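Report on the following structure.
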Amino acid sequence: MTFSRRPATSQTGRVALKRAGGQGSPVPFLIPALLIVFAVLIFPIVFSFVVSLFDWPLSAGGGERRFIGGGNYVALVQDAEFWNSLKLQLGFIFIAIPLELLLGLGAALLLNREFQGGRVIRALILLPVFFLPIVSGMTWRFMLQPRYGALNNFLLMLGAPEITWLGDPVFAYVAVIIQDIWRMWPFVFMLLYAGLAGIPTDVLEAAEIDGAGFWKRLFRVILPLLYPTILTALLLRIIDALRIFSEVYVMTEGGPGMATTLFSLYTHRQAFGYMKVGMSSAMAIFLLLISVAFAVTLVRKNMSLEKLEDQGGNR
Amino acid sequence: MTLANRRKTISAAVMFFALALLLVELYPIIITLLNGFRRDIVILSGQKFSANQFTLDSYMLVFKNKQMMKAMGNSILVGLLSTALSVGVGAMAAYGISRFKFRGRNALAYSFLVFRMLPQMSLVVALYLMFRSIGLRDTIAGITLAHSSFNVPYVIWMLIPFFTAVDKSYEEAAMVDGCTRWTLFRLVFLPLVAPGLVVAAVFAFINSWNEFLYALILTGVKARTAPVAISSLIGGDTLTWGQMCAASTVMLTPVFVFTLAMQRFLIRGVAAGGVKG
């Protein structure tokens, strides 16, 4: 944004602003946002913590609320299904995200040049990121149906036996991961592509003139310069993957059995399946602490206010 | 091979590879779009695609489905309300953060960003209990408020750079004229950051439009939004894939149009933690 018609700056203006700044207070401008944040973020978090200290049945008919201190947390540690959901969640993060980073980086390197239709292709590749999460989950569920699903259609053509993909614990878990990779690697691509475009071309040309081969340029020049962007992408993906729910919920409903009951799905099941709101809240607090740890790291490392202010209004 | 020829070959190879990549990425989307124009029975029988299967039946069923139409109406209403609320409140807060110097300014700005990244699952059970006890469950007001929990911090973070970019001389000139901070905000800043308001509003609307978990838990029959209604088209004995695809296409259209129209702002919009349901 450039403002061509700028009012003349004057000494009196500066003094007037300073005086107003001295008298003026940001509080009236901040209060509405703070009220909302308090009502729908801070209070629910505190309330969650309180609930997590109770044996708290969802419906009134489920019995009395009873204070049990850390009882829910102890019960969680002893709950095999809790460990199972944590294991599935970590597996999901450790398999999906590295692959998304690799694919995103590879595509960014490859498409970071002029070629016919480049602009259009780069724009269209991003569409899955904006695919409604539940529609993505349901479309994958549809494609993996036995008999009429697209994948089976194709395999039957090749003479393979019919497989109920989402009925098999291992395949269902893999399918959930593939769904996420399909949907989110373009997100990594988008960030890294912008990062690459930000590397001055003369730096790359200088390396090329010095006779550095592709791999040398990649590891010695490109990756070090791209590191902050890669870190941002990684942290954003981790924070996002920690809370995955809707895609998996509509795709497999956490099944078969508990095979795809990732952390949020188990938290949901504790509250609305087993009616144990206290247990569910204990899980919610656990997830919250992990997410906050990653979010604070991200914000501290890569999203300083100064950096944001430097962006100006046009990027 | 001359250099020019070599360049051409590489460019062609890259384009070929990019097209292949694009095909994989678009395949599930194309499947969704196409199946909206087929009958459920045709889909379930596993027939190959052919032009003579084309029908608007699934769309007609979706548009005649009162519950689905109500849910879509709710989605629009909740999207508009929560966008208006977040942009109004968020613009004020972004102004407060970017144009005033005060203690704890950084901490406040950062906490808004951290709030945007909290998992919804961590909040929804508490919100459910709260809303149930004060009668906000299954109301438009309730789900709007719930959506503001991610949209308000989001809008603030999106708008800060736009407010910072405004030149100080505007403020100074207005102060000489004796403007109060409030008039300054309304009459000077809001028009200057208007493009930012539009971008933030579009992304806030999409955030709300795509949201599933809050809608699933915090609404019932009355305030149900479209993602929940669509998800109920599949499950158990109901396998109305045609309607699911038709309704999904209706939901996807505005999102894709906005996405393609907003290329320039996508990165910031997404990096601020947007878009995810």
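The values are calculated or read from the model by the stated rules, or taken from the named source; none is laboratory data. This is a predicted model, so every value here is computed, not measured. Please note: Cβ atoms are built from the backbone with ideal geometry, for glycine as well, and neighbour counts cover all protein chains shown. What goes into the accessible areas is simple: the full protein's heavy atoms, side chains included, and nothing from ligands, DNA or RNA. Shrake-Rupley method; radii C 1.70, N 1.55, O 1.52, S 1.80 Å.
Scan the stretch A:233-252 for residues that are among the hydroxyl-bearing types (Ser, Thr, Tyr), assigned to a helix (DSSP H, G or I) and under 19 Å from A:Thr164 (Cα atoms) and jot them down.
Applying the first criterion (among the hydroxyl-bearing types (Ser, Thr, Tyr)) to the stretch A:233-252 yields A:246, A:249, A:252.
Checking which are assigned to a helix (DSSP H, G or I) leaves us with A:246, A:249.
Selection gives A:Tyr249 alone.
Identify all residues within the stretch A:212-258 that are among the small types (Gly, Ala, Ser) and either open to solvent by less than 30 Å² (accessible area, probe 1.4 Å) or free of Cβ contacts under 8 Å to residues at least 12 places away in the same chain (or both); write none if there are none.
Within the stretch A:212-258, A:Ala212, A:Gly213, A:Ala233, A:Ala241, A:Ser246, A:Gly254, A:Gly255 qualify.
Name the residues in the stretch B:175-214 that are among the small types (Gly, Ala, Ser) and within 14 Å of the chain's Cα centre (by Cα), would you?
Start the filter on the stretch B:175-214 by keeping residues that are among the small types (Gly, Ala, Ser), which leaves B:178, B:194, B:196, B:200-201, B:204, B:208.
Passing the criteria: B:Ala200, B:Ala201, B:Ala204, B:Ser208.
Considering only the stretch A:264-289, state which residues are surrounded by fewer than 18 Cβ atoms within 10 Å (Cβ to Cβ), modelled with pLDDT of 90 or more and more than 8 Å from chain B (Cβ to nearest Cβ).
The answer is A:Leu289, and nothing else.
Look at the stretch B:181-193 and say how many of its residues are open to solvent by 20 Å² or more (accessible area, probe 1.4 Å) and more than 8 Å from every other protein chain (Cβ to nearest Cβ).
6
Within the stretch B:228-260, take every residue that is over 14 Å from the mean Cα position of the chain (by Cα), more than 19 Å from A:Trp140 (Cβ to Cβ) and open to solvent by 10 Å² or more (accessible area, probe 1.4 Å) and give me the one that is farthest from the other protein chains (Cβ to nearest Cβ). Give the steps one after another, and end with the answer.
Filtering the stretch B:228-260 down to residues over 14 Å from the mean Cα position of the chain (by Cα) leaves B:228-250.
Next, only the ones that are more than 19 Å from A:Trp140 (Cβ to Cβ) stay: B:229, B:237, B:250.
So of that shortlist, the ones also open to solvent by 10 Å² or more (accessible area, probe 1.4 Å) come out as B:237, B:250.
On the way: B:Asp237: 14, B:Val250: 11 Å.
Checked the stretch B:228-260; the qualifying residue farthest from the other protein chains (Cβ to nearest Cβ) is B:Asp237.
Scan the stretch A:74-118 for residues that are closer than 21 Å to A:Leu53 by Cα and of a type in the set (D, E, K, R) and report the count.
2
Please go through (1) within 8 Å of chain B (Cβ to nearest Cβ); (2) at pLDDT below 90; (3) in a helix (DSSP H, G or I) for A:Val37 and return the number of the only condition it doesn't satisfy.
Every listed condition holds for A:Val37 apart from (2).
Where in the stretch B:94-165 are there helices (runs of 4 or more DSSP H), lying wholly inside it, with at least 3 residues that are among the hydrophobic types (A, V, I, L, M, F, W, C), at the interface with chain A (Cβ under 7 Å from one of its Cβ atoms) and under 30 Å from B:Leu192 (Cβ atoms)? Working first, answer last.
Details: elements: B:105-116, B:121-134, B:140-164.
Output list reads B:105-116, B:140-164.
Please list, ordered by first then second residue, the pairs with beta carbon atoms under 9 Å, 6 or more apart or interchain, first in the stretch A:52-75 and open to solvent by 60 Å² or more (accessible area, probe 1.4 Å), second modelled with pLDDT of 85 or more and of a type in the set (Ser, Thr, Tyr).
Pairs found: A:Tyr73/A:Ser52.
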